[in-house]
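First comes the structure, then the notes that go with it.
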Amino acid sequence: MSGRILVVDDEVQILRAVRTNLEARGFLVTTAQSGDEALRFIRDTVPDLVILDLELPGKSGLEVLRNLRTWTQVPVIIVSSRSGDPEKMVALDDGANDFLAKPFAMGDLIMRVRASLRPVDDKITTLTTSDFTLDLVQRTASRGGEAVELAAIEWKILDVLVNSEGRLVTDVALINDVWGNEQLGKEESLRRHVTQIRRKLEPEPARPRYFRTEPGIGYRLYASST
């Protein structure tokens, strides 16, 4: 996988570390240390992905994000030491595709970069992990060589999460995709079904390896290594 990535952060050490790791994986990386510098670059050469810090000199990361969303849907991963739920929700509501709290593991960032750059129209029909396999077309599942029975709603949830592998899926988006117009009161139902999916597929349901919760926001499927 390749692509042109703009990394925006006022901390030089972070810029260097992120740039080195991304370039080692074949990405073309440009850096900026302020919101104004970032916007100038993006207007001249729209990148395939923007990694954007919230706290910047001049225009803040949120101001940059809001500006971008008036004219482009380029994927944006927010990185910030302000990792509380309100900050996450504001950024996501304003059009961010993902949110990563500082300090972060480089492998976690790489996974999210790859997920953000993967074409959304590449429909995934099967998933094989070291613990379970899924066939989303035939609706068959196995764990440790034994067949696993999944409810119809659980298959719908899995279809969304598998086809968003590595990406954050908010509760609202997941409920909309699974239940359509019948959304009222579905938050608790969603939590119950995800709990059942973990019980049936996770090696340690109480410590999920694959189906992770983003507290107060949504879910993310981790199925592959970085």
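Coordinate-derived values only; no laboratory data. As the structure is a computational prediction, the values presented were derived from the model and not from experiment. Because the Cβ atoms are built from the backbone with ideal geometry, glycine has one as well, and the counts that use them run over all protein chains shown.
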Rounded FRET efficiency, nearest 0.05, which uses the C-beta distance separating Thr213 from Glu11 and R0 of 25 Å: 0.30
At q = 0.18 Å⁻¹, base-10 log of I(q)/I(0) for the chain (Debye sum, equal scatterers on each alpha carbon): -1.31
Sequence of Phe41, Phe211 once ranked by neighbouring C-beta atoms within 10 Å, starting from the fewest: Phe41, Phe211
Antiparallel bridge percentage (DSSP; both residues within the chain; nearest 5): 50 percent
Where a label projected 7 Å from the Cα of Arg69 along Cα→Cβ would reach, residues of region 163-195 with amide N under 15 Å: 170, 172-173
Residue order, fewest to most beta carbons within 10 Å, for Tyr222, Tyr210: Tyr222, Tyr210
Filter on Lys123/Lys186; Lys156/Lys186; Lys102/Lys156; Lys88/Lys200; Lys102/Lys200; Lys88/Lys186 - keep pairs with C-alpha separation over 24 Å: Lys123/Lys186; Lys102/Lys156; Lys88/Lys200; Lys102/Lys200
Region 106-226: Cα Rg divided by the 2.2 N^0.38 Å rule of thumb: 1.02
Cβ-Cβ FRET estimate between Thr129 and Arg19, R0 fixed at 41 Å, reported to 0.05: 0.85
Chain lengthening between Leu117 and Ser34 when straightened (0.36 nm per residue, less Cα-Cα): 27.5 nm
Given charges at Cβ of Lys, Arg, Asp, Glu: region 126-221 dipole, positive-most of Ile153, His193, Gln183: His193
Residue-span extension gain [Arg4 to Trp155] - 0.36 nm each, minus C-alpha spacing: 50.9 nm
